[in-house]
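Trainee: Mind having a look at this structure? Questions to follow.
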Amino acid sequence: MAKHTILIIDDEEDFSYFVKLNLEKTKEFEVLTASDPENGINIAKTARPDLILLDIMMPKMGGDDVASYLLDDPKTKDIPIIFLTALVRKNEEQEGEGEIGGRTYISKPVTAAELISRIKMALIPGIW
Amino acid sequence: MSEQKKVFVADDDPTALFSLKELLSKSGFLVESTDSPGEVVARVNNFKPHLILLDLVMPGLDGFTVCETLQGDKKTRGIPIIAISGLAGYADMERAYNLGVVAYFTKPYDFQKLLKEINSAIAYKEALQEERNFISAVLDTAGALIVVLDRQGRIVRWNAACELITGYAFQEIENKCPWDIFLKPQEKEEARAAFENSYSGQFPRKSENCWITKNGALRTIAWSDTALTDSDGTIKNIVSTGIDITERTLAEERLQDAYDELRRAQIQLVQSAKMAAIGRIANWVAHEIKNPLAIIIQGTDYLKSQVASEPALREPAQRITDAALRADRIVKDLLNFSRQSTSSQEEKEIPPVIEESLSLVEHQMSLRNVQILREFPSYTPKVKMDVNQMKQVFINILINAVEAMPGGGKISIVVGETKEETGRRNLEIVFSDTGEGILEENIPKVFETFFSTKKKEGSAGLGLPITKEIVEKHGGRIMIESKTGKGTSVRIKLPVAEPLT
């Protein structure tokens, strides 16, 4: 089975580092990381990952802006994005079940097991 | 030149009467007379003399009785009476003086002495009238209300200010008790009793009451009562001096209202400023702490996967994960507390909301061997609420109760409708546990932000403050009673939504 390529755009390099270890350990994913949003957009264009994990709060350029940039570009507009956010309350998590304003997101902190299952869900054809 | 003084003479002896009339006329008096005692009262009323000469021994009507009648009538009471009598007994004299006779002459008498007595009695009476007028004038210039009561509490005098404020003329209230005229029915009895008890009390005495004026308006009056005593010290009259403080009271109330309003606004301002500050801090803390927590959790998850076969390393790694997850819960509580969530109100019955809340903590309760006793009536009125927020209230209380009973126990939940004196209908929900209770000194602090006795277990001390805020946002109240070793009761009162049918 071909490995899925996942791109993580997050200024928290240590987070990306451990996520990469956890995902690649499953042998199902190949993980690319970018700590700089602009760099992340470039990697997305060139590497065309199967899914992007995008942190919402980053210096220089927020996750929202990165997402709209990716959606504007025909090369990247079809890549599913899961947002990462540290600013979610208990209620929102229970009520929205992972969606705010129609967008899929994962609340930080997240366990490796949950992260993997959410990524797999998003990769099922048709769901996105 | 002063006016001609009028003297009325009553004597059944025509000769004596004639000569007396002659002498008095010559002395400058205007005289009228009768020899029939039955006529005296009517004639006096008609003639309005300055003085009466009265023979006490007359056929038919007794002179003493005439005297009594004259003294007993308001219109003739003030007219001085000089008694002339053939009786010279001490007992008769004493009886006459007791009836208010000013002088007593025994026939035969010296006319010059009688004349002197007549003149001095009239002069005395006039001086008294003058003094009375003077006092009335002084009383009437006073802005304060002045009311004089007799021993029975009847009004015997009052001043112009009283007429002005009450709208009653003196004649309308004379000899009536003030409480019968001016007080509300429910205050009468108390005022009467207070008056009757007042003789033993200390003077001056201060009080306040509300008078109803002739046109139905209410005036608040502050009274100061003084006792007027006889020469032997017995109280004859109570003099009440009153100041109309209606405007002042209103102004004070308005001032107090304005002050209260200001204080509320101030507290709200401080509170919302505090909440805004907490909100900013919470967001910052959440972001700055959740990111490292995310790293720790991803990191320990990776380590755990690497040491899956080594329990000696798995356990420490798991403990790090647990600690990080606990820190995450605190941060989430903090965010919940600080953010104003958009609330959606709906009218709903409380028991189903309690059931839903119970189902969310069921697992924890069965782990801890906690039993639930429900006492829900078959019908409960609906309450307007944000269901999610109300669930949070119940969950917070249930979790607190469960945590207070580490060895298991019972939580009883009683729901019922109560009515306040004001007519407000409440739905009351009482959660009682059989737990360890709260130390007395801690009870006032449980609703304080960041107060917690479970810091170690990851409590941020926000559960009950949030609970209280939500309950109060719903127009309700929350109270806690607790006994150490016995348990804790949390009582919530929420206003009922539907109108009485």
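The values are calculated or read from the model by the stated rules, or taken from the named source; none is laboratory data. Nothing here was measured: the structure is a model prediction, and the numbers come from that model. Heads up, the Cβs are rebuilt from the backbone with ideal geometry, glycines too, and the neighbour counts pull from every protein chain shown. Note: accessible area is taken over every heavy atom of the protein model, side chains too, but ligands, DNA and RNA are not part of it. Shrake-Rupley method; radii C 1.70, N 1.55, O 1.52, S 1.80 Å.
Trainee: If we scan region B:31-49, do we find a residue that is within 14 Å of B:L114 (Cβ to Cβ), open to solvent by 10 Å² or more (accessible area, probe 1.4 Å) and modelled with pLDDT of 90 or more?
Mentor: There is at least one residue in region B:31-49 that is within 14 Å of B:L114 (Cβ to Cβ), open to solvent by 10 Å² or more (accessible area, probe 1.4 Å) and modelled with pLDDT of 90 or more.
Trainee: Only one of B:K116, B:K125 is touching a residue at least 60 places away in the same chain (Cβ under 8 Å) and either open to solvent by 40 Å² or more (accessible area, probe 1.4 Å) or not in a helix (DSSP H, G or I) (or both). Can you tell me which?
Mentor: B:K125
Trainee: Here is a follow-up. Which of (1) over 30 Å from the mean Cα position of the chain (by Cα); (2) among the aliphatic types (A, V, I, L, M); (3) open to solvent by 50 Å² or more (accessible area, probe 1.4 Å) does B:L218 not meet, given it meets every other one?
Mentor: Unmet for B:L218, out of (1) over 30 Å from the mean Cα position of the chain (by Cα); (2) among the aliphatic types (A, V, I, L, M); (3) open to solvent by 50 Å² or more (accessible area, probe 1.4 Å): (1).
Trainee: Taking only pairs six or more apart or across chains, which ones have beta-carbon atoms under 7 Å, a first residue in region B:406-430 that is outside any strand (DSSP E or B), and a second residue that is open to solvent by less than 70 Å² (accessible area, probe 1.4 Å)?
Mentor: Filtered contacts from region B:406-430: B:G408/B:V370; B:E420/B:N426; B:R424/B:P495.
Trainee: On the basis of being out of contact with any Ser or Thr (no Cβ under 6 Å at 6 or more places or on another chain), assigned to a helix (DSSP H, G or I), open to solvent by 50 Å² or more (accessible area, probe 1.4 Å) and within 14 Å of another protein chain (Cβ to nearest Cβ), does B:P292 make the cut?
Mentor: Yes; evaluated as a whole, the condition is true for this residue.
Trainee: Report yes if some residue within region A:83-96 is modelled with pLDDT of 85 or more, more than 12 Å from chain B (Cβ to nearest Cβ) and surrounded by 18 or more Cβ atoms within 10 Å (Cβ to Cβ); otherwise report no.
Mentor: Within region A:83-96 (the criterion being modelled with pLDDT of 85 or more, more than 12 Å from chain B (Cβ to nearest Cβ) and surrounded by 18 or more Cβ atoms within 10 Å (Cβ to Cβ)), the answer is yes, since at least one residue qualifies.
Trainee: Can you tell me which of (1) in a helix (DSSP H, G or I); (2) under 19 Å from B:L218 (Cα atoms) is the one B:S198 doesn't meet?
Mentor: (2)
Trainee: For the list (1) touching a helix residue (DSSP H, G or I) at 6+ places or on another chain (Cβ under 8 Å); (2) more than 14 Å from chain A (Cβ to nearest Cβ); (3) open to solvent by 50 Å² or more (accessible area, probe 1.4 Å); (4) not polar (S, T, N, Q), I need the number of the one condition that B:E355 fails.
Mentor: (1)
Trainee: Same structure, new question: Yes or no: region B:90-113 includes at least one residue that is surrounded by fewer than 20 Cβ atoms within 10 Å (Cβ to Cβ), in contact with a Leu (Cβ under 7 Å, 6 or more places away or on another chain) and assigned to a loop (DSSP other than H, G, I, E, B).
Mentor: no
Trainee: Also, I was wondering about something else. Kindly state which helices (runs of 4 or more DSSP H) lie completely within region B:1-73 and contain at least 3 residues that are within 55 Å of the chain's Cα centre (by Cα) and of a type in the set (D, E).
Mentor: Qualifying helices (runs of 4 or more DSSP H): none found.
Trainee: Now, a different point. Have a look at B:A277, B:A258, B:A282, B:A273 and point out the one that is facing another protein chain (nearest Cβ under 10 Å), aliphatic (A, V, I, L, M) and either open to solvent by 90 Å² or more (accessible area, probe 1.4 Å) or in a helix (DSSP H, G or I) (or both).
Mentor: Unique residue meeting the criteria: B:A282.
Trainee: Further question on the same structure: Could you please find all residues in region A:1-22 being at the interface with chain B (Cβ under 10 Å from one of its Cβ atoms) and either within 12 Å of A:M58 (Cβ to Cβ) or touching a helix residue (DSSP H, G or I) at 6+ places or on another chain (Cβ under 7 Å) (or both)?
Mentor: A:D10, A:D11, A:E12, A:E13, A:D14, A:F15, A:S16, A:F18, A:V19, A:L21, A:N22
Trainee: A follow-up question, please. Can you say whether A:K25 is closer than 20 Å to B:D301 by Cα, within 12 Å of another protein chain (Cβ to nearest Cβ), more than 13 Å from the chain's Cα centre (by Cα) and among the basic types (K, R), as far as the supplied structure shows?
Mentor: When the stated conditions are applied, A:K25 passes them.
Trainee: Within region A:43-82, how many residues turn out to be in a helix (DSSP H, G or I) and either out of contact with any Gly (no Cβ under 8 Å at 6 or more places or on another chain) or open to solvent by 20 Å² or more (accessible area, probe 1.4 Å) (or both)?
Mentor: Going through region A:43-82 one residue at a time, the tally reaches 14.
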